[in-house]
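Participant: Take this structure first; my questions come after.
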Protein chains: 2
Amino acid sequence: MPSAEQPNLESLKSAGLKSTSPRLKILALFESGPERHMSAEEVYRLLLASGEDVGLATVYRVLTQFQQAGLLERHNFEGGKSVFELNQGKHHDHIVCLQCGHVEEFYDAIIETRQQNIAAELGFGIRDHSLCLYADCTKIQCPHAGNTQRSTATPSA
Amino acid sequence: MPSAEQPNLESLKSAGLKSTSPRLKILALFESGPERHMSAEEVYRLLLASGEDVGLATVYRVLTQFQQAGLLERHNFEGGKSVFELNQGKHHDHIVCLQCGHVEEFYDAIIETRQQNIAAELGFGIRDHSLCLYADCTKIQCPHAGNTQRSTATPSA
DNA sequence: ACGCAAATGATAATCATTCTCATTTGCATT
DNA sequence: AATGCAAATGAGAATGATTATCATTTGCGT
Ligand SMILES: [Zn+2]
Ligand SMILES: [Zn+2]
Ligand SMILES: [Zn+2]
Ligand SMILES: [Zn+2]
């Protein structure tokens, strides 16, 4: 077989991180797990649930390392705990359901542009920003709305 | 003198909170203190510094009560600690200097409108939102930029 | 002035996260 | 494949922010 193998091993290698079992498991979880946005605790629980044995401290360490390496993004929605997601290179903002915590993503060019302009007007150079809309999705698929379906909402423009 | 007195006593009363010394002091600090945006710890330290004797637990309690009563707003900028500010009824978003932590406020009608539209498109009913721009103010007045002046920037558009 | 529920303050407890350190493991080299 | 060692891990202690407990104090209506 040719050398077009494990992209994860590559990711880790090029990030200067040696490829260990906990790291590969965590990366795999973000790539093909049930949730795109997960807290350290969630990652830990999911790994335990799937029989993997990793320490909570390691999960925290690895998440931080991955974030610093650019593999993951860290968000601080309300509630004091950080959530992470795979960095796909495509910036987006979030809307979080206040009932069930479900996270939806969106991108709006107008808002992004305005942010730049506003910062410029105030004499700041933007380095980062976080926009999070808090809402309740009673109108769509939400466990707390009596519907457990996965949300598939897409902006119809 | 007529009965158009202490608006603070009124605020507390109408919030169902009895007017106590810690509450009045904290409210006064937000109204005429040196900072509009303060964490519990900052409030606590400022009160101690001015000779007042309040417990830290009370500060936390009162801040939460004030927030629930609508007197204060709570924000969760990055860094894991909540900051509070007097609720003036005028919604605004924030830009925080990553160097010195200085907070500047702004309001942009275009962004606000877009948020509404986006949520509507996704089938959510917005209940709240938080937008925070992280930047460094090396271009303006920042202690870390060698200038301690208070910023007075105002968006011109 | 009384009485009592509400409020306070000191401290313990909790929660998320980081640190410590002894043990294990990846990986380059023999 | 065996060796060596720095890097990584895991268990648990430590930290920082915040909340809960509870005995004591205080605001306020009577
Ligand atoms: Zn954005
Ligand atoms: Zn996302
Ligand atoms: Zn806004
Ligand atoms: Zn503000």
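Participant: List the pairs whose first member sits in the stretch B:118-131 and is within 7 Å of chain A (Cβ to nearest Cβ), whose second member is modelled with pLDDT of 90 or more and open to solvent by 30 Å² or more (accessible area, probe 1.4 Å), and whose Cβ atoms are under 6 Å apart, counting only residues at least 6 apart or on separate chains?
Facilitator: Listed by first residue and then by second, the contacts come to B:119/B:126.
Participant: Out of all the residues in the stretch B:72-81, which are surrounded by 15 or more Cβ atoms within 10 Å (Cβ to Cβ) and either within 13 Å of DNA strand C (Cβ to nearest atom) or of a type in the set (Asp, Glu) (or both)?
Facilitator: Answer for the stretch B:72-81, where residues must be surrounded by 15 or more Cβ atoms within 10 Å (Cβ to Cβ) and either within 13 Å of DNA strand C (Cβ to nearest atom) or of a type in the set (Asp, Glu) (or both): B:73, B:76, B:78.
Participant: Okay, moving on. Give the residue, chosen from B:44, B:60, that is surrounded by 14 or more Cβ atoms within 10 Å (Cβ to Cβ), among the aromatic types (Phe, Trp, Tyr), within 24 Å of residue B:100 (Cβ to Cβ) and in contact with a helix residue (DSSP H, G or I) (Cβ under 8 Å, 6 or more places away or on another chain).
Facilitator: Answer to the check: B:44.
Participant: Here is a follow-up. Starting from residues that are near ligand 3 (Cβ under 10 Å from one of its atoms) and over 15 Å from residue A:116 (Cα atoms), keep the ones in the stretch B:87-111 and report whichever is most open to solvent (accessible area, probe 1.4 Å).
Facilitator: Top of the filtered list is B:91.
Participant: Still on this structure, I have one more. What residue, of B:40, B:57, B:28, is within 14 Å of chain A (Cβ to nearest Cβ) and away from ligand 3 (no atom under 16 Å from the Cβ)?
Facilitator: Result of the check over B:40, B:57, B:28: B:40.
Participant: If you scan the stretch A:63-102, which residues turn out to be among the aliphatic types (A, V, I, L, M) and more than 29 Å from residue A:19 (Cβ to Cβ)?
Facilitator: A:95, A:96, A:98 - these are the residues of the stretch A:63-102 that are among the aliphatic types (A, V, I, L, M) and more than 29 Å from residue A:19 (Cβ to Cβ).
Participant: Six or more apart or on different chains, Cβ under 9 Å: which pairs go from a residue in the stretch A:7-23 that's outside the structural domain of residue A:60 (by TED's automatic domain parsing) to one that's away from ligand 2 (no atom under 16 Å from the Cβ) and part of a helix (DSSP H, G or I)? Could you list them?
Facilitator: Pairs found: none.
The values are calculated or read from the model by the stated rules, or taken from the named source; none is laboratory data. Note that the structure is predicted; figures quoted are calculated from it, not measured. A quick note on method: Cβ atoms are made from the backbone with ideal geometry, for glycine too, and the neighbour counts reach across all protein chains shown. The protein model used for the area step is the full one, side chains on, heavy atoms only, and it has no ligands, DNA or RNA in it. Shrake-Rupley method; radii C 1.70, N 1.55, O 1.52, S 1.80 Å.
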